[in-house]
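The structure under discussion appears below in the form of structure tokens.
The values are calculated or read from the model by the stated rules, or taken from the named source; none is laboratory data. Computed from a predicted model, the values in this text were never measured in an experiment. Cβ placement follows ideal geometry from the backbone for every residue including glycine, while neighbour counts extend to all protein chains displayed.
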Amino acid sequence: MSLFHWTCNHGRAGIEATGTVEPRLILGLGWLAWFTTEPHPYPERTGLLHVCPGSPTDCYRGAWRFVVEELDKCHSWLQSTEREKAEERAIIDIERLGDPWNWYVASEPVKVRLG
Ligand SMILES: [Zn+2]
């Protein structure tokens, strides 16, 4: 299995500075780094249509793909303790249009490479 993290130009700069995808705070869900099993996901179902708050017009999350190099740090979202601890409303919101059976999460930084 491979896992992928998609990001915009803004996100790419941050990832390349550390070589890792860092967990980010999502209200109701906690601090999580997100990945997908899909090498070419549907943008909407994977959340790639969300844009950076400060630069909505030049932000596209499907611009760059990183490949996970530390699979052991990631686990299936649907079976995760992170999901068990999350707020029900936030879970419904994020899964509503998505394909969460493809999603993996980590609560710590995960090493990746552009690919
Ligand atoms: Zn952006």
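Structural remarks
- Hey, residue 30 on the phi > 0 side of the Ramachandran plot and more than 11 Å from the chain's Cα centre (by Cα) or not: yes
- Some residue of the stretch 101-112 being aromatic (Phe, Trp, Tyr) and surrounded by 15 or more Cβ atoms within 10 Å (Cβ to Cβ): yes
- Residue 115, sole failed condition from (1) within 15 Å of residue 8 (Cα to Cα); (2) more than 15 Å from the chain's Cα centre (by Cα); (3) surrounded by 14 or more Cβ atoms within 10 Å (Cβ to Cβ): (3)
- Looking at 24, 83, just one residue is modelled with pLDDT of 95 or more, touching a strand residue (DSSP E or B) at 6+ places or on another chain (Cβ under 9 Å) and farther than 18 Å from residue 114 by Cβ, and that residue is 83.
- Checked against (1) within 14 Å of the chain's Cα centre (by Cα); (2) exposed (fewer than 15 other Cβ atoms within 10 Å of the Cβ), residue 75 passes all but a single condition, namely (2).
- Tally of residues being farther than 24 Å from residue 18 by Cβ and either in a helix (DSSP H, G or I) or in contact with a strand residue (DSSP E or B) (Cβ under 9 Å, 6 or more places away or on another chain) (or both) across the stretch 93-115: 7
- For the stretch 37-60, a residue qualifies if it is at pLDDT 90 or above and touching a His at 6+ places or on another chain (Cβ under 8 Å), and exactly one does: 59.
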